[in-house]
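The values are calculated or read from the model by the stated rules, or taken from the named source; none is laboratory data. All values derive from a computational prediction rather than experimental measurement. Cβ coordinates were reconstructed from backbone atoms using ideal geometry, including for glycine residues, and neighbour counts include every protein chain displayed. Accessible surface areas use protein heavy atoms only, side chains included; no ligands, DNA or RNA. Shrake-Rupley method; radii C 1.70, N 1.55, O 1.52, S 1.80 Å.
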Amino acid sequence: MKNIIKIGTLILTLAFFVNCQEDEAEVGDIIIPTNLVITAEIVGVDAENLNGDGSGFVNFTATADNALGYNFQFGDGTSGAVPSGVNTHRYSVVGLNTYTVVVSAVGTGGILTTATIDLDVFSSFDDLEAKESLSGGIGNSKIWYPKLDEAGHLGVGPNLIQDGADDGALNGHWFPQYDSTAAFGKCGSTESDCFCNFTLSFSLSADETLTFNQNNGGQTFFNWASGSAVGQTFGEFQDTCFDFDTSAESTVSLAPTDTDWSQIADPDFPEPRGTVMNFSNGGFMGYYTGVTSYEILEVDNNYLYVRFFDAANPVLAWYQKFTTDLPSPVFNSIYTNLVWEDEFDVNGAPDAANWTYDLGAGGWGNGEEQSYTNASENVIVEDGFLKITAKADGSGYTSARLKSEDLYEFTFGRVEVRAKLPAAQGTWPAIWTLGEDYQTNIWPGCGELDIMEQKGQDKNTVLATAHHPAVSPGAGDSGSTVLTTSTTEFHNYTMEWTPDTIVFLVDDNVYHTVANTPDLPFDSDFFLILNIAMGGSLGGDIDPAFTEDTMEIDYVRVYQ
């Protein structure tokens with residue numbers, strides 16, 4: 001096969017213009033492109049490699065008189081507009097394959113002149129290790145589930161071009177910078193629960209052909225902009241479940257990535273695998289955005305992390321995580337080694353090796369009304385409990401705020417605090433952590449993680465919040481759960497803080513999850529804080545009859 005192939009035969013898509021052409025092939029304002037020529041250079045052709053070097057690259061050039069641009073159909077199910085007529089395309093189906101390429105030259109008024117070219121292209125790309133991880137090996141099949149128990153199992157961020165356009169810096173095109181779904185965040189709602197109930201399976205045949213099936217139980221979770229695939233118009237940003245048949249089996253061809261991963265600002269970001277899965281028969285992986293190609297970022301025998309694009313808005317990059325273990329809402333900590341604790345088993349003042357104090361008044365940035373002291377009437381260890389007591393004091397209030405600053409600071413781990421909260425209206429108890437660099441990296445830049453807070457006007461609910469520059473000042477990234485016995489019984493308030501995820505729990509039940517993405521300030525040392533505030537932005541109006549109330553803490557433990 002020759003390296004350069006030229007096709008001169010033209011097919012006019014609107015034949016009635018053929019007999020009306022004048023010297024300039026002009027009909028009113030419509031000019032028909034003429035003399036369309038396509039050249040195709042298969043990269044690496046030589047005497048020993050007549051169909052290319054196996055890379056699958058082909059350099060195309062289309063020229064025509066009176067053409068405003070060109071549309072290419074590459075013969076492998078992909079197409080695109082090429083205004084210049086010059087394009088490099090990569091064919092990825094392994095082996096020697098014939099492709100019929102259709103090129104249309106676009107004239108004024110949208111009139112097209114079309115030509116075709118047949119190419120025999122050899123591609124030798126393969127990733128048998130990825131195939132075996134996906135399928136379990138030759139002759140086997142493997143089922144995959146969405147990794148619902150991890151924050152960010154579905155997320156979205158910018159592509160490389162949009163990343164630079166957002167703020168002039170490249171700081172988010174390799175992770176879901178815009179939005180990440182919380183653990184089990186789509187489950188339990190009729191609009192999105194189908195996303196929690198699909199499975200994928202990959203199978204590998206003896207000839208190393210990889211096939212794919214999706215069992216969606218009859219419904220698919222649609223990106224709101226892709227409703228036209230099922231004849232629907234969904235509300236803006238209202239992703240929803242809709243009836244959709246996914247029973248057709250897909251053949252999965254592998255291709256090398258063409259993503260530019262050279263401009264990642266995070267040195268800890270693992271190098272992507274570089275393999276793209278292309279699904280036949282319209283196959284897709286659970287969340288419908290109109291695409292059939294998925295780049296594998298990571299894969300092993302029980303974990304799969306992919307990146308794909310949005311057909312309706314290609315500047316958006318989507319991310320999905322999968323696992324071979326059926327996710328369960330039962331929480332299993334990865335941190336089991338107890339590294340720091342205070343059991344409060346010695347009566348008197350709190351252990352000075354563990355705790356120091358914030359002292360004084362001034363509102364603390366929230367309009368609070370208390371003055372903090374270290375007096376025994378406000379803070380004492382007694383009968384195996386730390387007792388922080390807020391008291392009325394003339395026209396004001398006193399309380400205590402303990403902290404482990406400069407005594408114990410840590411990065412990542414599980415914090416567990418067993419506590420019973422004050423019941424009085426206007427009390428604002430908090431168990432939280434603050435970035436140790438807060439004096440130079442002004443809040444919220446330093447980051448704040450609130451393991452437990454409770455509003456002064458709602459003693460049946462507890463809150464957990466991550467404060468950082470993207471959402472603060474203001475409400476922060478917050479979640480809440482009903483806990484009607486918070487002031488009458490002890491409960492375990494827990495935060496599991498990992499490089500990837502921050503999970504908040506009460507009595508080992510997850511109720512809020514935050515994806516710990518590289519742009520957040522949660523990858524350096526924090527210290528612990530225990531306090532009761534009075535009034536302020538979360539405490540609200542204080543009961544006029546208030547005299548005193550106490551938060552009792554059984555223990556504070558940190559695991560890594």
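Values as computed for the structure displayed
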| read-out | value |
| --- | --- |
| Projected-area average for the chain over all orientations - Cα convex hull basis, square nanometres | 33.0 |
| Charge dipole magnitude, Cβ of K and R +1, D and E -1 - the stretch 240-374, Cα centre, debye nearest 20 | 580 |
| Against the rule of thumb 2.2 N^0.38 Å, how large the Cα Rg of the stretch 225-296 comes out | 1.41 |
| Label-point separation in nm, Leu170 to Trp261, each point 7 Å along Cα→Cβ | 1.4 |
| Contact order relative to length of the chain, as percent, for alpha carbon pairs under 8 angstrom and 6 or more apart | 11 |
| Accessible area per residue, Å², the stretch 310-454 with all protein chains present, probe 1.4 Å | 43 |
| Peptide ranges 477-484, 305-312 listed from the most packed, as the mean C-beta count within 10 angstrom indicates | 305-312, 477-484 |
| Computed accessible area, Ser192, all protein chains, 1.4 angstrom probe, square angstrom | 10 |
| Pairwise centroid distance, computed over Cα atoms, of the stretch 49-81 with the stretch 147-197, Å | 34 |
| Descending Cα extents along the principal axes, the stretch 492-560, whole Å | 47, 28, 23 |
| Point-to-point label distance, Thr336-Asp65, nm (Cα→Cβ direction, 7 Å offset) | 7.9 |
| Kirkwood Rh and Cα Rg combined as Rg over Rh, evaluated for the stretch 423-519 | 0.98 |
| Residue pairs, from the table Lys186/Lys420; Lys186/Lys459; Lys420/Lys455, whose Cα atoms sit over 21 Å apart | Lys186/Lys420; Lys186/Lys459 |
| The stretch 321-383, relative contact order in percent, only Cα pairs under 8 angstrom and at least six apart counted | 35 |
| Shape metrics for the stretch 41-116, restricted to C-alpha atoms - Rg then Dmax, Å | 13.7, 47 |
| Note, ³J(HN,Hα) from phi for the stretch 266-277, Karplus 6.51, -1.76, 1.60, rounded to Hz, x at Gly and Pro | 8, x, 8, 5, x, 4, x, 5, x, 10, 10, 9 |
| The chain: calculated mean residue ellipticity at 222 nm from DSSP helix runs of at least 4, using -39500 (n - 2.57) | -1000 deg cm²/dmol |
| Selection from Gly348, Leu434, Gly363, by position along the positive dipole direction of the stretch 342-459 (Cβ) | Gly363 |
| Taking the stretch 175-260 and dividing mean pair separation by its residue count, relative contact order in percent (alpha carbons under 8 Å, at least six apart) | 27 |
| Full-extension gain in nm, Ala47 to Ser376, via 0.36 nm per residue minus C-alpha separation | 109.3 nm |
| Of the GluC sites (Glu not before Pro) in the stretch 248-307, those whose Cβ has at most 16 other Cβ within 10 Å and which sit in DSSP loop | Glu249 |
| Charge dipole magnitude, Cβ of K and R +1, D and E -1 - the chain, Cα centre, debye nearest 20 | 1060 |
| Residue-level accessible surface for Ile161, protein heavy atoms, 1.4 Å, Å² | 130 |
| Nearby lysines by direct alpha-carbon distance to Lys131 (threshold 19 angstrom, same-chain neighbours under 8 apart not counted) | Lys142, Lys321 |
| Two-decimal Rg/Rh across the stretch 219-344, once Rg and the Kirkwood Rh are taken from alpha-carbon atoms | 1.08 |
| Apportionment of accessible area to carbon and sulfur, the chain, percent (1.4 Å) | 47 |
